[in-house]
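The values are calculated or read from the model by the stated rules, or taken from the named source; none is laboratory data. The model shown is predicted, which means the values in this text are computed figures rather than measured ones. Glycine also receives a Cβ, built like all others from the backbone with ideal geometry; neighbour counts cover every protein chain displayed.
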Amino acid sequence: MQTTLTEICEYLNNYWPVSKAKGHYVIENKTIALPQLQDGQYFRILGSVFNDGVHKYPATDLVNEEFDGVIWAMAVPGTVIALTSDISAWITQYGGPNSPAMSPMQSESFQNYSYTKASGSNAEGTDPTTWQGAFASRLNKYRRLRGLAQ
């Protein structure tokens, strides 16, 4: 399972918008023409039935449709892109508290070995068995308060 940039931006309430363009858009052949964007630039679609979320330009995996909505050009920091990759790798390895990689035991011990499964919250008040908790210290500097206009 991969965590997408859309999920991370939603969690952070931060999309790093550069500009927003409201209009009528057409997605044909699984792509959309956005001449204002540079190759490799991220953008957010809002108002689409099938394609809402964050995409990388030129996107070639969109669902064909016409819609009235808004497209945000984004300037996502490279550190956040790297963080997305790290989070996906963590999820692949641990998958959260119900992952087969995580022991079903809360704790166990025998001879010189003991194990206690992480639970509850850590010093930051987050659950260390979720990607949000495991990466809280790296994510927090990018968080925006809810209700603030972007």
**Request:** May I ask you to verify whether ASP86 is surrounded by fewer than 18 Cβ atoms within 10 Å (Cβ to Cβ) and part of a strand (DSSP E or B)?
**Result:** no
**Request:** Sort out which residues of segment 21-51 are farther than 25 Å from THR79 by Cβ and assigned to a loop (DSSP other than H, G, I, E, B), and write them in order of number.
**Result:** ASN29, LYS30, ILE32, ALA33, PRO35, GLY47, SER48, VAL49, PHE50, ASN51
**Asked** Can you name every residue in segment 24-52 that is of a type in the set (Gly, Ala, Ser) and crowded, with 17+ Cβ neighbours inside 10 Å?
**Response** SER48
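Considering segment 46-96 alone, what residues qualify as being among the acidic types (Asp, Glu) and modelled with pLDDT of 95 or more?
Within segment 46-96, ASP52, GLU65, GLU66, ASP68 qualify.
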**Request:** Could you tell me which of the residues VAL18, VAL80 is in a strand (DSSP E or B), of a type outside the set (Ser, Thr, Tyr) and within 20 Å of TYR142 (Cα to Cα)?
**Result:** VAL18
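Listed here are the residues, each with its yes/no results for (1) touching a Pro at 6+ places or on another chain (Cβ under 9 Å); (2) closer than 29 Å to THR130 by Cα; (3) without any contact (Cβ under 8 Å) to a residue 40 or more places away in the chain.
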{"site": "ILE8", "(1), (2), (3)": "no, yes, no"}
{"site": "ASN14", "(1), (2), (3)": "no, yes, no"}
{"site": "ALA21", "(1), (2), (3)": "no, no, no"}
{"site": "SER48", "(1), (2), (3)": "no, no, yes"}
{"site": "ALA75", "(1), (2), (3)": "yes, yes, no"}
{"site": "ALA89", "(1), (2), (3)": "no, yes, yes"}
